[in-house]
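> I'd like to ask some things about the structure below.
The values are calculated or read from the model by the stated rules, or taken from the named source; none is laboratory data. Computed from a prediction, not measured in an experiment: that's the story for all the values here. We place every Cβ from the backbone using ideal geometry, glycine too, and count neighbours over all the protein chains shown.
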C-alpha cells in the first residue's frame with residue numbers, strides 16, 4: 001500500500017473507532033493566552049482531531065528527521081514514507097486501545113497514549129537508521145519534539161494572521 005494512503009486509511013480507522021467509543025479526553029480548562037482567538041480555535045480543533053493533527057505533524061517531524069539524519073542520504077519523501085508507516089501503525093495501536101479507555105485510570109491512559117504516540121515513532125525512526133547507536137534515539141526524540149514545537153508555532157502564526165486579516169476587513 002502506498003504510504004500516504006496507508007496513513008489516511010489508518011486515520012480513518014482510528015477516527016471511526018474514536019467516534020464509536022467516544023473517549024472522554026479532559027481538555028485544558030485553564031484560561032488560554034489565545035482565548036477567543038483563531039489560535040484557540042485551531043488548537044481546539046487539533047485536540048479534537050488527533051488523526052489529522054498526527055498527519056500534519058508528520059511533515060514537520062520528517063523535516064527534522066531529514067536534518068538530523070542527513071548522513072544516511074535519504075530524501076524527504078523517503079523519510080515521509082517512514083513517518084507515514086510509523087504514524088499509521090501508531091494510530092492503529094491507539095485505536096485498539098480506545099475500547100479499554102474507560103476501564104483504565106487516567107494515568108494508565110496517559111502512559112499508553114504517550115508510549116504509542118511518542119515512543120513508538122521515536123523507536124521506529126531510531127531503529128531505521130541504526131538501532132545500536134544511542135545518539136539516534138536522542139536525535140529521534142529531538143526531531144519528534146521539534147516537529148511538535150514547529151507545528152505549534154505554525155498554528156499560532158496562522159491563527160494570528162487570520163485574526164489580523166479579519167481586523168483589517
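> Quick check: is even one residue across region 52-65 surrounded by fewer than 18 Cβ atoms within 10 Å (Cβ to Cβ), modelled with pLDDT under 85 and within 28 Å of residue 123 (Cα to Cα)?
Checked region 52-65: at least one residue is surrounded by fewer than 18 Cβ atoms within 10 Å (Cβ to Cβ), modelled with pLDDT under 85 and within 28 Å of residue 123 (Cα to Cα).
> Which condition does residue 116 not pass, out of (1) modelled with pLDDT under 90; (2) crowded, with 17+ Cβ neighbours inside 10 Å; (3) over 30 Å from residue 36 (Cα atoms); (4) over 14 Å from the mean Cα position of the chain (by Cα), if it passes all the others?
Of the numbered conditions (1) modelled with pLDDT under 90; (2) crowded, with 17+ Cβ neighbours inside 10 Å; (3) over 30 Å from residue 36 (Cα atoms); (4) over 14 Å from the mean Cα position of the chain (by Cα), the odd one out for residue 116 is (4).
> What number goes with the only condition from (1) crowded, with 18+ Cβ neighbours inside 10 Å; (2) at pLDDT below 85 that residue 110 does not pass?
Single failed check for residue 110: (1).
> Just the residues that are assigned to a helix (DSSP H, G or I) and either farther than 16 Å from residue 95 by Cβ or modelled with pLDDT under 65 (or both), please, taken from region 15-38.
Residue satisfying the conditions is 38 alone.
> Another question about this same structure. Return the only residue of 73, 102 being out of contact with any helix residue (DSSP H, G or I) (no Cβ under 6 Å at 6 or more places or on another chain), loosely packed, with under 15 Cβ neighbours inside 10 Å and at positive phi.
73
> Would you confirm, using the coordinates I've provided, whether residue 128 is over 19 Å from residue 56 (Cβ atoms), surrounded by fewer than 16 Cβ atoms within 10 Å (Cβ to Cβ), without any contact (Cβ under 8 Å) to a residue 60 or more places away in the chain and touching a helix residue (DSSP H, G or I) at 6+ places or on another chain (Cβ under 9 Å)?
Answer is no for this residue.
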